[in-house]
Amino acid sequence: QRIRFRLGLDAKVTNALKVGARLATGSSTDPVATNQSFSTSFNRVSFLLDRAYIAYTPEVAGLNQLKLTGGIIENPFWKVSELVWDEDLNFDGAAAHADKTVGPASLFVNGGVFSLQTDISEPASLWSLQGGASIQPFTSFTAEVLNNFKLTGALAYFD
């Protein structure tokens with residue numbers, strides 16, 4: 001028997017600036033475990049800081065969106081499934097996202113630098129860059145199946 005509880009808040013400081021935080025149950029030693037087992041022998045359940053971030057989304061001419069985020073943030077990368085990144089994994093660091101619509105395609109770029117837990121004498125980080133596109137080639141068709149068809153793909157480099 002297990003429980004999972006999350007409590008989050010987002011505050012819109014200005015139209016372009018948002019801050020947020022989230023608390024969650026789970027383990028302090030497993031970055032993707034927010035489930036808490038009922039095997040605590042009457043001890044209290046851990047409630048940990050899961051996310052704490054600031055997000056800045058200025059209006060930039062020529063772009064649909066530019067978003068700069070820092071802190072303990074949700075996964076900033078586009079993904080098909082949890083094959084590469086677990087859904088519950090949060091990233092410690094800074095990320096940037098930009099997208100622009102060009103005809104029927106939407107081009108996007110995601111990047112970031114994140115700290116990794118390593119030996120104290122050797123700090124490490126994860127540098128990453130992802131670029132991709134989404135296309136809706138049949139938006140003018142009357143058939144709803146074709147009208148809603150969307151194809152998205154991306155390439156990423158993680159170091």
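Would you mind telling me which numbered condition in (1) touching a Lys or Arg at 6+ places or on another chain (Cβ under 6 Å); (2) within 27 Å of Ala133 (Cβ to Cβ) Arg22 fails?
The single condition Arg22 does not satisfy is (2).
Which of the numbered conditions does Val109 fail, given that it passes all the others? Conditions: (1) open to solvent by 70 Å² or more (accessible area, probe 1.4 Å); (2) over 23 Å from Lys18 (Cβ atoms).
Result: Val109 fails condition (2) only.
Can you tell me which residue among Thr29, Thr69, Thr101 is under 12 Å from the mean Cα position of the chain (by Cα) and among the β-branched types (Val, Ile, Thr)?
Details: Thr29 fails: under 12 Å from the mean Cα position of the chain (by Cα); Thr101 fails: under 12 Å from the mean Cα position of the chain (by Cα).
Result of the check over Thr29, Thr69, Thr101: Thr69.
Would you check which residues across the range 121-159 are of a type in the set (S, T, N, Q), assigned to a loop (DSSP other than H, G, I, E, B) and out of contact with any Pro (no Cβ under 7 Å at 6 or more places or on another chain) and list them? Explain how you work it out, then say what you get.
Kept after step one, since they are of a type in the set (S, T, N, Q), are these residues of the range 121-159: 121, 125, 128, 130, 134, 136, 139-140, 142, 147-148, 152.
Cutting the leftovers down to assigned to a loop (DSSP other than H, G, I, E, B) gives us 121, 136, 139-140, 142, 148.
Ser121, Ser140, Thr142, Asn148, listed by residue number.
If you go through the range 71-94 one residue at a time, do you hit one that is at pLDDT 85 or above and farther than 27 Å from Gly8 by Cβ?
no
Just give me the residues in the range 95-104 being out of contact with any Pro (no Cβ under 8 Å at 6 or more places or on another chain) and modelled with pLDDT under 90, in sequence order.
Gly103 - this is the single residue of the range 95-104 that is out of contact with any Pro (no Cβ under 8 Å at 6 or more places or on another chain) and modelled with pLDDT under 90.
Go through the range 27-47 and report how many residues are touching a residue at least 24 places away in the same chain (Cβ under 8 Å) and in contact with a Leu (Cβ under 7 Å, 6 or more places away or on another chain). First the steps, then the outcome.
Taking the range 27-47 and keeping what is touching a residue at least 24 places away in the same chain (Cβ under 8 Å), we get 31-38, 45, 47.
Filter again for in contact with a Leu (Cβ under 7 Å, 6 or more places away or on another chain), leaving 31-32, 47.
Selection size over the range 27-47: 3.
The values are calculated or read from the model by the stated rules, or taken from the named source; none is laboratory data. In this text the structure is predicted, and so the values were computed from the model without any measurement. Reconstructed Cβ throughout: ideal geometry from the backbone, glycine too, with neighbour counts over all protein chains shown. Side chains are part of the model used for accessible areas, which takes the heavy atoms of the whole protein and leaves out ligands, DNA and RNA. Shrake-Rupley method; radii C 1.70, N 1.55, O 1.52, S 1.80 Å.
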